[in-house]
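The block underneath contains the structure these notes are about, expressed in structure tokens.
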Amino acid sequence: MARHPAGSSRPMIAMVIGLSAFALATTLRSAEPKSTTERILPPGKLGEVVRLGREIVERTGEHPLSKPYVANALTCQSCHLQAGQDPQAATFLGVATAYPAWSPREKRVVTLEDRVLNCFMRSMNGVRPPLGSEVSVAVTTYITWLSAGESLAMNPDRPLGPRGVPSLALPAAQADAGRGKVLYAERCASCHADDGQGGEDGPPVWGERSYNQGAGMSRNDKLAAWLKVAMPPDDRDLSEQQALDIAAWVNAHPRPKFVLKDHLPPADRLGEYNAAQQSPE
Ligand code: HEC
Ligand code: HEC
């Protein structure tokens, strides 16, 4: 500004245009999820529990509070990228606004806490932590914090937040695992290994240390939809057909079976849980 003489109207006009553009951008942005830096931890114990929840989401198999309930090599953020703050890949942003939600699988209304615990049984191939346990409260508190400031819009159709992974238009029946095998070698094996067991650069995608057959990702349509928005992490450019072909190849391999009763805690620690369905999420 200093370089323009005070009498000239040009910088004034430029400033007005600049300001309105800024105002417009701000208005548009308010509909978007907030970034981490915009979020402020609540003071006191509540903030500590939010932070604890995030740690568990990042180090689920190692953290002493969650470790007993995990039976594979994954963490929550293996799929909910960046501790659920990636805006696309099964994001946690805004999720708490969708609960309580109707769950067609469980034929009951579920709370966000129920939904969190179900991912332990299926995606983590572990045991459902007891309702109200420290781990359950911490993770649920962290995820709820990621919806702060957004309006509640309970979901009457399914347990899914407003920015859930979009379904593919292509029918799952059009998957070709043979083509997927070639694509997997080209686009995925560098991080997840040829034998799917992962390594330094990525977690296992099949076998005993991966998600089980009760997990949403064990369905080709769900896995493909997630791959399209999530993998490869720095180059998320798969077409629907490619994502579906790769999903069919990944899910053609063995993984742990899902037998519900093996994933529930002892009856006296279970609380009210009446879901009898065994279908994937
Ligand atoms: C193998 C991948 C995978 C892992 C690991 C995983 N999840 Fe999920 N989770 C999913 C998918 C896929 C969905 C469905 C999300 C979608 O369609 O947008 C989901 C949904 C959820 C939802 C509901 C989201 C919504 O939009 O309503 C919550 C909450 C959740 N997971 C919590 C967790 C927690 C907590 C952990 C760790 C204990 C975990 N998940 C581990 C794949 C995974
Ligand atoms: C540059 C390395 C890299 C490439 C390439 C890559 N991934 Fe991943 N993938 C990761 C990492 C890292 C994670 C876990 C994210 C985290 O923990 O932050 C992951 C997570 C996953 C998961 C969920 C967790 C699990 O192991 O089940 C699946 C499924 C997956 N990737 C499949 C694929 C497929 C299929 C491709 C090829 C299209 C691919 N990835 C390409 C690094 C990679």
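The values are calculated or read from the model by the stated rules, or taken from the named source; none is laboratory data. In this text, all values refer to a predicted model and were calculated from it rather than measured experimentally. FYI the Cβ positions are ideal-geometry reconstructions off the backbone, even for glycines, and counts take in every protein chain you see.
Which residues, taken from the range 185-197, are more than 6 Å from ligand 2 (Cβ to nearest atom) and either surrounded by 19 or more Cβ atoms within 10 Å (Cβ to Cβ) or polar (S, T, N, Q) (or both)? I'd like the intermediate steps shown before the answer.
So the first thing to find is which residues in the range 185-197 are more than 6 Å from ligand 2 (Cβ to nearest atom), and the list is 185-186, 189, 193-197.
Across the range 185-197, the qualifying residues are Gly196, Gln197.
Taking the conditions exactly as written (modelled with pLDDT under 95 and outside any loop (DSSP other than H, G, I, E, B)), does Asp221 satisfy them or not? Can you show your working first?
Numbers: modelled with pLDDT under 95: no; outside any loop (DSSP other than H, G, I, E, B): yes.
It is false that Asp221 is modelled with pLDDT under 95 and outside any loop (DSSP other than H, G, I, E, B).
Of note, Gly161 does not satisfy the criterion of being buried (at least 17 other Cβ atoms within 10 Å of the Cβ), more than 15 Å from ligand 1 (Cβ to nearest atom) and either not in a loop (DSSP other than H, G, I, E, B) or not aromatic (Phe, Trp, Tyr) (or both). If you go through the range 103-118 and pick out every residue that is under 14 Å from the mean Cα position of the chain (by Cα) and either assigned to a loop (DSSP other than H, G, I, E, B) or within 18 Å of Ser147 (Cα to Cα) (or both), you end up with 3.
Checking each residue in the range 234-265 for being polar (S, T, N, Q) and either outside the structural domain of Ala185 (by TED's automatic domain parsing) or in contact (Cβ under 8 Å) with a residue 12 or more places away in the chain (or both) picks out Gln241, Gln242, Asn251. Tell me which residues, restricted to the range 48-82, are within 22 Å of Leu152 (Cβ to Cβ) and away from ligand 2 (no atom under 15 Å from the Cβ). Within the range 48-82, Val49, Val50, Gly53 meet the criteria.
Among all residues of the range 83-102, there is at least one that is in a helix (DSSP H, G or I), within 16 Å of ligand 2 (Cβ to nearest atom) and buried (at least 22 other Cβ atoms within 10 Å of the Cβ).
Here are Ser239, Ser210, Ser218: which of them is within 12 Å of ligand 1 (Cβ to nearest atom) and over 18 Å from Leu160 (Cα atoms)? Talk me through it step by step, then tell me what you get.
On the way: Ser239 fails: within 12 Å of ligand 1 (Cβ to nearest atom); Ser218 fails: over 18 Å from Leu160 (Cα atoms).
Sole residue among the options that is within 12 Å of ligand 1 (Cβ to nearest atom) and over 18 Å from Leu160 (Cα atoms): Ser210.
If you check Gln241, Gln213 for being more than 9 Å from ligand 2 (Cβ to nearest atom), at pLDDT 95 or above and under 19 Å from the mean Cα position of the chain (by Cα), only one passes: Gln213.
Of the residues Arg10, Arg105, which single one is at pLDDT below 95, at negative phi and exposed (fewer than 11 other Cβ atoms within 10 Å of the Cβ)? Let's see the steps before the verdict.
Values: Arg105 fails: exposed (fewer than 11 other Cβ atoms within 10 Å of the Cβ).
Of the residues listed, the single one that is at pLDDT below 95, at negative phi and exposed (fewer than 11 other Cβ atoms within 10 Å of the Cβ) is Arg10.
Against the list (1) outside the structural domain of Gln85 (by TED's automatic domain parsing); (2) in a loop (DSSP other than H, G, I, E, B); (3) more than 15 Å from ligand 1 (Cβ to nearest atom), the condition Ser151 fails is (1).
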